[in-house]
Structures are given as C-alpha cells and as structure tokens.
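Structure first, commentary second.
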C-alpha cells in the first residue's frame, strides 16, 4: 500500500503517534515494513516519535544497534539514514540536487525526448496520409 498524501513538515498529534508506536511494538515488524503496510511516510513517523516520545525512540534505537545520522547534501537538514550510503534526506532533495548540478544530462534528456516526439509525429502523419489516400482501411460491411 502506498501513501496517499504528501508528507507534511509538522509532526502528528501525540495520541496518533502513541497509538501507531504501540502498534509497531505490538506487531513485531520492522519500522520500514510497518510504515509501508499502514500507508504513511517513514520520515513523518520518525519525526513524530522523536518529537513526542524521545525516550522510547532512543531505547528502540539503542536496541537496533548503530543507526546512521547525516546531513542532507542539498538542503543541509539533519536526518536519520535508512541506508548507510544515503546522502539526501528525501527523494525530492536528491532529484533537485541532480537537476541543479547536472545541467548537461538534463539538456541531453530533453533533446532525446524532442527527437522521440518528432519521430512519432512523422510516423503518425505518414499513417494519416495512407488512410486519406486509400480511403478507410477497414470499410464497413
């Protein structure tokens, strides 16, 4: 199940955070799996737990072993890494960083799409020309 709405910058209400945290602990699932099954964003969930239940989050984190922390290369925000090689806090920061720092690749992709559209346009015009000269390809009857 995918999340239906975009994550907000604010943490959730305390009662909702506590309910979902207890659900996570009762389920025995990993945080990532629990979050995906219930259709909300991991970053929202973790931010809310850190905000409302910092002690319980630290205990949970200590039981898991070392979890990486990092600063986003694009916006500079502090975040908890999902993977050891993660450099950006979100997919949006990753794509914005890529767009800002690789203009040649972006322009090459745009040109590739222009060429593809021109090719398709020519093919469609050729098909239309065939059908208009010979009449309908599938006459009724």
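With the structure loaded, tell me whether residue 77 is modelled with pLDDT of 85 or more, surrounded by fewer than 16 Cβ atoms within 10 Å (Cβ to Cβ) and assigned by TED's automatic domain parsing to the domain that holds residue 17 or whether it fails that test. Let's see the steps before the verdict.
Details: modelled with pLDDT of 85 or more: yes; surrounded by fewer than 16 Cβ atoms within 10 Å (Cβ to Cβ): yes; assigned by TED's automatic domain parsing to the domain that holds residue 17: no.
Answer is no for this residue.
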### Message
Among (1) within 21 Å of residue 45 (Cβ to Cβ); (2) touching a helix residue (DSSP H, G or I) at 6+ places or on another chain (Cβ under 8 Å), there is one condition residue 74 misses while meeting the rest; what is its number?
### Response
(1)
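For segment 85-98, indicate whether the set of residues that are under 18 Å from the mean Cα position of the chain (by Cα) and part of a strand (DSSP E or B) is non-empty. Lay out the reasoning, then the answer.
The first filter runs over segment 85-98 and keeps only residues under 18 Å from the mean Cα position of the chain (by Cα), leaving 85-98.
Retained after the next criterion (residues that are part of a strand (DSSP E or B)): none.
No, segment 85-98 contains no residue that is under 18 Å from the mean Cα position of the chain (by Cα) and part of a strand (DSSP E or B).
The values are calculated or read from the model by the stated rules, or taken from the named source; none is laboratory data. Keep in mind it's a predicted model, so treat the numbers as computed, not measured. Positions of Cβ are backbone-derived with ideal geometry, glycine not excepted, and every protein chain shown enters the neighbour counts.
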